[in-house]
Protein chains: 2
Amino acid sequence: MDGDRGASPHDRSETVADVGEFGLIGRVTAGRAQPPTTLLGPGDDAAVVAAADGRVVASTDVLVEGVHFRLDWSTPEHVGQKAIAVNMADIAAMGAVPTALLVGLACPKATDAAVAEALAAGMWKEAVRAGAGLVGGDVVGADQIVISVTALGDLQGRAPVTRGGAMPGDVVAVAGRLGWAAAGLAVLGRGFRSPVTVVGAYRVPDPPYAAGPQASLAGATAMIDVSDGLLADLGHVAEESNVAIDVRTDLVPVHQRLVEVASALGADARHWVLTGGEDHALAATFPEPAAVPEGWTTIGTVTRGNSVTVDGKPYEGGTGWQHWR
Amino acid sequence: MDGDRGASPHDRSETVADVGEFGLIGRVTAGRAQPPTTLLGPGDDAAVVAAADGRVVASTDVLVEGVHFRLDWSTPEHVGQKAIAVNMADIAAMGAVPTALLVGLACPKATDAAVAEALAAGMWKEAVRAGAGLVGGDVVGADQIVISVTALGDLQGRAPVTRGGAMPGDVVAVAGRLGWAAAGLAVLGRGFRSPVTVVGAYRVPDPPYAAGPQASLAGATAMIDVSDGLLADLGHVAEESNVAIDVRTDLVPVHQRLVEVASALGADARHWVLTGGEDHALAATFPEPAAVPEGWTTIGTVTRGNSVTVDGKPYEGGTGWQHWR
């Protein structure tokens, strides 16, 4: 930095172009503790991650500024947390434990370096919550911020729980929050910033990571990450398993906080719960009511057929949570 | 498609928005054969890939339209091939065999669906060349095409070959093409489309995948994927290994084709070979000349110190291949 200009309070912020690709990667990885599964961390051509099980679970998700997040609605740290959370939820939905994450970050050269560093800080924060390491990545210039995350996970000797194993006679249960992100999005869309509980739920989902392996151990026959909305994602389970699923609204938990927010906005809290995306709850099927583990809530049944119904009827409110905007 | 409009030759092309995320993923994965390492392929929350070694090698690279590729210089199929090749080269550079790939594709909603399908076709083509499977991914809307690829690989029981193991007394050797992509870029930059050998080398690199595990078996002490240019990437080896590397120009192969192209353009073929990026050759160090395997070319020596020199002197031509444009 030029000495004369360095003292001026009117200096423009340091950009990612100023810091450079290698400088930025150095800053966001320096001094971070890796879990024991990270056998070789960032800095070489590739990372090496333990896969003691002899298999590795892997999933990729991409988040785009203006489509999946807005930096006027969320801080960069929130966005970083969310990018990691949505991927680790996919790992949990197979019944696996997240072990490692790789991040591809495309962003404009003029992006404030502090924004990129805050994104990375959020990523580390969420990775640490689940015991996973941030083991590698790439930083490149682009017109718009695009964050691509690949999560790896370990099945710990268990069979993966797919979407295709539900059987007639099973019960359907959920773990984690439903409708909270939709409520938060509705609040932000009206120009409000509170209540912070629902706005915070939209900014950073809280996937029940441990509930995935727990369900697998309990004999779950099918499982899915609820990213597109409960009914839409149960639709994937019904289709892949070739079964019908009926959700009973008297069993679906609708939190009092959502009822209050919906009332204030003239919205329907139950609709948020049934169709709202981006909460990253888990939905699973179990062979009998007694198999549903603690912390999971039974919400319906699996029968022969090929549909998803609510109280025995097609849902009239529409099921789509549209990511492709 | 509307019957009346379907017959018109003036219909706009079908876009990725028309096909939708799920439709597009269905089209590009349907009927594709997966290798035996793909235990669970695309379509669920996550894929499951064999990691018989008990470890998995993983690397992510991001390619951005206008930065890393131009669709007026390369076909979408070329771009797809390149996106996969640059990642699998990173896996080979650890001494591992590529097993699986995950792809995050961000593209404008108005992108011709045929472009997205051709990108995917190129990806499959390159994956099959190395025996790897395309096991998962994500497709989202964005302002610009951004392709993020994560490659996974198997060490087959060997230790990873890092950048940090070179020792004074080692020899330096390379496998694969050097300077060809730079020559192709120079040709395209002048508005020409031939000679096709060098233009093709720029469009789709030809990494020597098998040479990575081969070098590892032969006792390579350090290895790197030459993505930024030979001298720049040997600089990473020198830095991580805390050694000096001297490259001897009388040993570095400069193909006659490059000499001809350079002559026609008034350029320096040796400069392309020493500094040109994007060929994805492999450079490695071996403990003695006799250890250098067939197909590898010895080009220099490792000594005490902390530098990269050419014929004993600092290289005057500049070493940078600038990805961050």
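Things to note:
- Globularity index of the range B:171-310, i.e. its alpha-carbon radius of gyration over 2.2 N^0.38 Å: 1.04
- The phi-based Karplus calculation (6.51 cos²θ - 1.76 cosθ + 1.60; θ = phi - 60°) puts the 3J(HN,Hα) values of the range A:177-190 at 7, 10, x, 5, 5, 5, 5, x, 5, 5, 5, 5, x, 8 Hz, whole numbers, x for Gly and Pro.
- The Rg/Rh ratio of the range B:12-154, with Rg taken over Cα atoms and Rh as the Kirkwood radius over Cα pairs, comes to 0.96.
- With contacts taken as Cα pairs under 8 Å at a separation of at least 6 residues, the range B:171-310 carries a relative contact order of 47 percent.
- Over 30 Å (Cα to Cα) - which of A:Lys313/B:Lys109; A:Lys82/A:Lys109; A:Lys109/B:Lys313 fall in this group: A:Lys313/B:Lys109; A:Lys109/B:Lys313
- Annotation: for a label point projected 7 angstrom from Cα along Cα→Cβ of A:Asp311, residues of the range A:240-256 with backbone N closer than 17 Å are A:246-255.
- Distance between the C-alpha centres of the range B:97-136 and the range A:163-193: 31 Å, rounded to the whole angstrom.
- Note on B:Asn242 and A:Arg193: their simple-model spin labels are 5.0 nm apart, each label 7 Å out from Cα toward Cβ.
- Dipole-positive endmost among B:Ala183, B:Ala290, B:Val226 within the range B:162-320 (Cβ charges, Cα centre): B:Ala183
- Nonlocal amide H pairs with B:Ala222, under 5 Å, H built at 1.01 Å: B:Thr285
- Rounded to whole Hz, the Karplus (6.51, -1.76, 1.60) HN-Hα couplings of the range B:53-64, x for glycine and proline: 5, x, 9, 10, 8, 9, 8, 10, 10, 10, 10, 10
- Sequence-distant residues sharing a close amide H with A:Thr249 (under 5 Å, placed H): A:Asp311
- Working note: Karplus 6.51/-1.76/1.60 with θ = phi - 60° gives the range B:227-242 the couplings 9, 9, x, 4, 5, 5, 6, 5, x, 5, 5, 4, 5, 5, 8, 6 Hz, where Gly and Pro are set to x.
- Between A:Leu217 and A:Ala264, the simple label model (points 7 Å from Cα in the Cβ direction) yields a spacing of 3.9 nm.
- Calculated FRET value between A:Arg12 and A:Arg304, using beta carbons and R₀ = 41 Å, to 0.05: 0.05
- Cα centroid separation, the range B:226-261 to the range B:265-303 (Å): 5 Å
- Subtracting the Cα-Cα distance of B:Lys125 and B:Asp72 from 0.36 nm times their residue separation leaves 17.0 nm of extension gain.
- Cβ-vector label at 7 Å, B:Gly54, separations to other copies in nm: 1.2
- A Förster distance of 41 Å, applied to the separation of the beta-carbon atoms of A:Thr297 and A:Ala114, puts the FRET efficiency at 0.50.
- Close amide H contacts of B:Asp138 (hydrogens built in the peptide plane, cut-off under 5 Å, sequence separation of 5 or more or a different chain): B:Val103, B:Gly104, B:Leu105.
Laboratory data are not the source of any read-out in this text; all were calculated from the coordinates shown. All values derive from a computational prediction rather than experimental measurement. FYI the Cβ positions are ideal-geometry reconstructions off the backbone, even for glycines, and counts take in every protein chain you see.
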